1. Students often get this wrong: which residues of region E:79-93 have the backbone nitrogen under 12 Å from the point 7 angstrom along Cα-to-C-beta of residue E:1?
2. When only C-alpha pairs under 8 Å and at least 6 residues apart count, what is the relative contact order of chain B, in percent?
3. Keeping every protein chain present and rolling a 1.4 Å probe, give me the accessible area per residue for the protein assembly as shown in Å².
4. Looking only at Cα atoms, what is the convex hull volume of the protein assembly as shown per residue, in Å³?
5. Between region J:1-75 and region B:19-50, what is the C-alpha centre distance in whole Å?
6. Going down the list A:29/C:29; C:40/D:40; G:29/J:40; G:40/J:29; A:40/B:40, which pairs span over 30 Å between their C-alpha atoms?
7. Report, to the nearest 10°, how far helix C:18-38 tilts away from the longest principal axis of the Cα atoms in chain C, using its own Cα long axis and a range of 0 to 90°.
8. Evaluate the Debye formula for chain F with equal point scatterers sitting on the alpha carbons, no solvent, and hand back log10 of I(q)/I(0) at q = 0.10, 0.13, 0.16, 0.18 Å⁻¹, in q order, two decimals.
10 protein chains.
Amino acid sequence: MALFHVRMDVRIPHDLDPDQRAQIVAREKDYSQRLQRSGKWRHIWRIVGQYSNISVFDVDSADELHEILWNLPLFAYMEIDILPLTRHGSDIRAQTEHTGVSAGPAGA
Amino acid sequence: MALFHVRMDVRIPHDLDPDQRAQIVAREKDYSQRLQRSGKWRHIWRIVGQYSNISVFDVDSADELHEILWNLPLFAYMEIDILPLTRHGSDIRAQTEHTGVSAGPAGA
Amino acid sequence: MALFHVRMDVRIPHDLDPDQRAQIVAREKDYSQRLQRSGKWRHIWRIVGQYSNISVFDVDSADELHEILWNLPLFAYMEIDILPLTRHGSDIRAQTEHTGVSAGPAGA
Amino acid sequence: MALFHVRMDVRIPHDLDPDQRAQIVAREKDYSQRLQRSGKWRHIWRIVGQYSNISVFDVDSADELHEILWNLPLFAYMEIDILPLTRHGSDIRAQTEHTGVSAGPAGA
Amino acid sequence: MALFHVRMDVRIPHDLDPDQRAQIVAREKDYSQRLQRSGKWRHIWRIVGQYSNISVFDVDSADELHEILWNLPLFAYMEIDILPLTRHGSDIRAQTEHTGVSAGPAGA
Amino acid sequence: MALFHVRMDVRIPHDLDPDQRAQIVAREKDYSQRLQRSGKWRHIWRIVGQYSNISVFDVDSADELHEILWNLPLFAYMEIDILPLTRHGSDIRAQTEHTGVSAGPAGA
Amino acid sequence: MALFHVRMDVRIPHDLDPDQRAQIVAREKDYSQRLQRSGKWRHIWRIVGQYSNISVFDVDSADELHEILWNLPLFAYMEIDILPLTRHGSDIRAQTEHTGVSAGPAGA
Amino acid sequence: MALFHVRMDVRIPHDLDPDQRAQIVAREKDYSQRLQRSGKWRHIWRIVGQYSNISVFDVDSADELHEILWNLPLFAYMEIDILPLTRHGSDIRAQTEHTGVSAGPAGA
Amino acid sequence: MALFHVRMDVRIPHDLDPDQRAQIVAREKDYSQRLQRSGKWRHIWRIVGQYSNISVFDVDSADELHEILWNLPLFAYMEIDILPLTRHGSDIRAQTEHTGVSAGPAGA
Amino acid sequence: MALFHVRMDVRIPHDLDPDQRAQIVAREKDYSQRLQRSGKWRHIWRIVGQYSNISVFDVDSADELHEILWNLPLFAYMEIDILPLTRHGSDIRAQTEHTGVSAGPAGA
């Protein structure tokens, strides 16, 4: 299992046809919700005042994350930034609960 | 209730006394874990390969977040970056579960 | 109550229809003035020589701020930058006047 | 009258003598509060999670602003960023109340 | 009196109609020269190899500077960067000659 | 299996004791070579003219990569930048040879 | 022989004709695979979540690298960033295997 | 004759001996005023709120400018940024007055 | 005589008419070669993998450099970055050979 | 043969012993001049107003360039930026004179 922090900034061109835009956005929502239900798209938050989200993915591998992102209906209109995550040494939750690695060094 | 995304990058000077450093790091861990248990420091992840964390806070107000961060034992040695979060329109969880606002616009 | 500092930089495409542009700008002015009268959009200043403003919002929550910004008539043509604010320890005004938190640390 | 938006980021070296530091910070607070009472330092807010403030000055001239900033007790330890402000065309307050210029163009 | 340092970078879209472009540039020249004759646009230099200028304005207030810049015929096609200036403590000219403030601290 | 592209920029303080420095650098070399022999540190190149390297790691998980990097003898003196990699759709090598994912989209 | 690290970020305009786009991408794949078979394009990896690749070229000279890159079918739509590489002093492989230079200084 | 726009940002280390600092600053002032009297350092302004100046030099050549800057008493503690200037096509002053070149293209 | 280092990055819009583009590029080559023969455009190199060049100009003045650059057939499609050069104190060539200034300080 | 454009910015710490500093700078000058005489360090210019140089190297390989730079007496105190160069299609000199590659594409 692998955790990734992903920020997506949406940049849809102003001259995109409104119907096409609405369809893509609807497919994006459906795609995201299916992955949320599967447990792979574990968190999604809107950044206040931005057409952007912060998400956390819990996938089998970086390869699987790539397949998911590459097929986002809005992929062509996004800037995506990825940070691989691991368990923090100060995290109070039992390690097996999310990444399976032994507790690393503590401190912020 | 208010959600904030916080990135903390730790920059401890190389010439800090090792004992002092160990004490500060230990106090930081204790401080963080108390806030995690209270539910206010909801998530903490280590960024792979970095002396940095990504955290999500669930606090009563931005004022409370400031009090928490300002009193971090490592505060003087950190660069902190904050993003206010809100519910994403595609989030499958019921709204009342985390922010209490009505569902906003969907799409990534 | 929550205070937010917001900078808005307007980037209207040169080829937007002039009538459409005039309508959006007029709606933006009306929208802003209604929120100013309600007390939520507490300050708005023009940055000299820029098609940009600096604003201070006094809202119930970050969620409410998001609703306000997301519905700005010019939202699609703006870059928005947000900083959460809190009371400064050197502020001479009584705390209850604006944020309700106890006085924090002093110094610039 | 002239309005200026000023952001001050404080960078006190870690090895500054604690007594000297406390004295400078105390003088800074006193200096700031005297200017707030005179009406010249009109607003001061703490940025959440940062050793930084956002201030608005209402001075006779840029020359006076320079005298004020140059003599800040913490001046040598600050990064200062300045934006001249003017009345926004959508501001609902009567013009004479703060800058005296005629209402400029509206829109965000 | 107030001195401002202004850098203007011109970014005219490649597809602007050549006649319209020529008219705007001619109006810009006329506008600039009238302000130079009035003494308000005190200096204008071309940056070598750039479609950019460095200018110094000597105006009654930041408000007046804003009125001047906002009405530049090329305003919509410019990026503008402003620095407020004051007398330098090493300047050999008598203070009354340009800003009227007392001589400030010396040194570069 | 997971592939990661890692850039390491070394910033050893000028005043570090030369013997201590030599010891750390020797331990770093030994540590790197053991991981190269295990197959986990698959590539290491020096960037011409820089005290920096470009490396490719082939590890079981991002968690394992973190353990490896966090324990580098030079970790405290490095800036590290990480990119997760996956198979390129134009790669001529059989997929099973390195990542095990099905061939993704082609094109650069 | 000379080794170069190349990052290519693809930025195809949204309004490019889909057939033309498909043809260019197909020619790019063919061009890349011929060079991979010749041994000159030694590695190509996809960056997870990005329309970008990381490649390593093993060519006779920088001149030859330029000829290869300049003739990429997608060249007009790419941002390319190049780092010359050399053997790392900690690399466990025999020097003659890839660059032919004597082993340089060790350490990361 | 050649005109250069120079911005100097002064960064004196906090631990420099105060007497040494005062001596260097005094020599800097003397050096600057001699060059102002010679006509080579034509303008010097303080940037409001910054330990920085904007200057204009009128020298025989870039070589002479280098000699002047390299010998500034504060040179070791400055960041210097240089822009070569030429006559602007909209400048109302006769060309011979300052650079001697024929009037170039007009427009901002 | 004055030496200038110039970097030119070419950004021709994708939708420029191919014939017009070919004509401009041909005129650019002719213009450049005439200036090379005159001795004013002393060096021109292609940056590997970039539609960019590094050039060195040897002109009478910055004014002349501006005239040359402003009239480049590709000027409207270029980003240009300029550094004035002078003789290096370690240069082994006799000073009169290129800039005429006395040897300055040595060291890199 | 391979051409490389190298920019070196010197950042000697203020507290380096003056004698040690003078020795390193003298060794640097000697080292540079020997390489200039060998023809490998083909050009060296001082950037006006900066403790920086622009150099062009003509070496057998990137590996040789690395050996040269890594052994610069000032290496530990420099930031170095490298661009590989190739013949420009508009260069009027015969190709064999400097890189030996066939003439590439013309245009700036």
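The values are calculated or read from the model by the stated rules, or taken from the named source; none is laboratory data. For clarity, every value in this text was computed on a predicted model and none was experimentally measured. Positions of Cβ are backbone-derived with ideal geometry, glycine not excepted, and every protein chain shown enters the neighbour counts. All accessible areas refer to the heavy atoms of the entire protein, side chains included, with ligands and DNA or RNA removed. Shrake-Rupley method; radii C 1.70, N 1.55, O 1.52, S 1.80 Å.
1. Taking a point 7 Å out along Cα→Cβ of residue E:1, the residues of region E:79-93 whose backbone N falls under 12 Å are E:87.
2. 40 percent
3. Per residue, the protein assembly as shown has 40 Å² of solvent-accessible surface.
4. Convex hull of Cα atoms, per residue: 183 Å³.
5. Their Cα centres are 46 Å away from one another.
6. Going by Cα-Cα distance, A:29/C:29; G:29/J:40; G:40/J:29 fall outside the 30 Å limit.
7. 20 degrees
8. The Debye formula, applied to the Cα set alone, gives -0.35, -0.56, -0.78, -0.94.
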